[in-house]
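**Q** Structure in structure tokens, see below.
The values are calculated or read from the model by the stated rules, or taken from the named source; none is laboratory data. Keep in mind that what you see is a predicted model, and the values were worked out from it rather than measured. All Cβ positions, even for glycine, are placed from backbone atoms using ideal geometry, and neighbour counts span all protein chains on display.
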Amino acid sequence: MTNTFIITICCLLLLAYVFDLTASKTKVPSVILLLFLGWGMKQLTGVFHISVPDLQGLLPILGTIGLIVIVLEGSLELELNRSKFSLIRKSIIVAVIPMMILGFLLAGAFYYYMGHDGDPTTIPDFRKSLIGAIPLCVISSAIAIPSAVNLSKRNKEFVTYESSLSDILGVLFFDFVFRNVTIDFHSFWIFLVQLLIIAVISFIATIGLSFLLGKIDHQIKFIPIIILTILIYALSKMYHLPALIFIMLFGLFIGNLDELKRFKLIERFKPQKLDTEVHKFHEILIEGTFLIRALFFLLFGFLIDNKELLNKETFFWAIGIVGAIFLIRFVQLKLAKLPPMPLMFVAPRGLITILLFLYISAEDKIDLVNKPLVIQVILLSVFIMMLGLMFNKNKDEKFTGKEASDLGFKHLSRELSGVAHASHKSITPKEVDPIKNGEDSDAEKTQNEKDQLKDEGGSEDDSSEEKKD
């Protein structure tokens, strides 16, 4: 039995790796395939009457560890410099505003339904409705970031910023509503104090972990850092602190040492040596993230019940919620002057939605927001994202007006070069430079001149004489 279990897990993880490798070619998110693979394994165990122990308790554990490593990996990839400020600002706006609008919109719909469902024992409660709505409003970075592999560099960078911030801000929003029965000035004050405390803890812990990362000479050094990070997160959660902020700040700090070298405190860490260690740490973290993410979605797919998947009572609610998600996102992207296509489709729900839903206590749950609804919303949002990315015809994926302008300059330069070639006229570097706006190197300009002179049957000396005349 032990060998069978090991062989099965190894085969499933190898298939998950194949899904990850082929995602850039097929444009099918690996998460979709992992969910179906897990669900298929559940059907096989039923057909062959294989006894499987209850794995439900593993889901929140894998999900929490997965959330930590995914946010840490995402924050390591974020760059903090002036050139990124505009992108960060837009990412925050697109992450926060749709979340808040959709959260209160769904909470209002749930509240209204609770008061008009015909059950006299149901007492409408807007706070409970909002607690149930928030998990459905958060973009899953665990699905969005790997699925953005085929997007342009700028769009992929935007998805990384936005989905990571959506996870963090979504958890903060949920924690604030969940832990405050009454929302007033006092609750806001307590929340600000908690943010200040976690900021101080994050600063001290980040300095300590960075020191260990640079000083440990033992051959095992990265696993203890990851374990300490998870430990600090768990302890912070025990004291009701927004622990995910610590993960983000730690990742941002060690991932942006180049931007922080001007500070004397950073010089003591020997940034050049630490940069090498951070690069190795990032590589190990990427592989660990793949492992945890694959196990989580395989397990989640395995635990999907067919009755929950085909629940008709929640299906129409799921369609309405997913429709509202993409409609609000489309409007927000337009207002933020970002390209709706294909970014509109990259709004999947997933790991963070499941974790927040499982975190809701029994007394704060509402009947409408149940496991079938969560499963259907996740699958529908991921499936629509898959179709949107597969049939995306926006090949250029222009992110800003500047990029479009650059592409226009290049196109104009090629056209003028073609006209000059057809009319057997020589274009000197002085004529080319203003058009290309400094994009071509001197070597490329020299090669263009040589090609044009060869077509004219001339030589470089003839070209020099023409310039002198």
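**Q** Going through 295, 252 one at a time, which residue ends up being modelled with pLDDT of 90 or more, under 26 Å from the mean Cα position of the chain (by Cα) and aliphatic (A, V, I, L, M)?
**A** 295 is the lone residue from the list that is modelled with pLDDT of 90 or more, under 26 Å from the mean Cα position of the chain (by Cα) and aliphatic (A, V, I, L, M).
**Q** Would you check which residues across segment 176-187 are within 17 Å of residue 366 (Cα to Cα) and either part of a helix (DSSP H, G or I) or not assigned by TED's automatic domain parsing to the domain that holds residue 134 (or both) and list them?
**A** Those that are within 17 Å of residue 366 (Cα to Cα) and either part of a helix (DSSP H, G or I) or not assigned by TED's automatic domain parsing to the domain that holds residue 134 (or both): 177, 178, 179.
**Q** Given segment 35-146, what helices (runs of 4 or more DSSP H) lie entirely inside it while holding 1 or more residues that are within 18 Å of the chain's Cα centre (by Cα) and not small (Gly, Ala, Ser)?
**A** 58-77, 85-115
Residues checked against (1) surrounded by fewer than 17 Cβ atoms within 10 Å (Cβ to Cβ); (2) more than 23 Å from residue 347 (Cβ to Cβ):
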{"site": "61", "(1), (2)": "yes, yes"}
{"site": "71", "(1), (2)": "no, no"}
{"site": "80", "(1), (2)": "yes, yes"}
{"site": "98", "(1), (2)": "no, no"}
{"site": "102", "(1), (2)": "no, no"}
{"site": "105", "(1), (2)": "yes, no"}
{"site": "109", "(1), (2)": "no, no"}
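**Q** Does residue 366 count as modelled with pLDDT of 85 or more and assigned to a helix (DSSP H, G or I)?
**A** No, not satisfied.
**Q** Could you grab me the full set of residues in segment 147-172 that are in a helix (DSSP H, G or I) and hydrophobic (A, V, I, L, M, F, W, C)?
**A** 148, 149, 158, 159, 165, 168, 169, 171, 172, listed by residue number.
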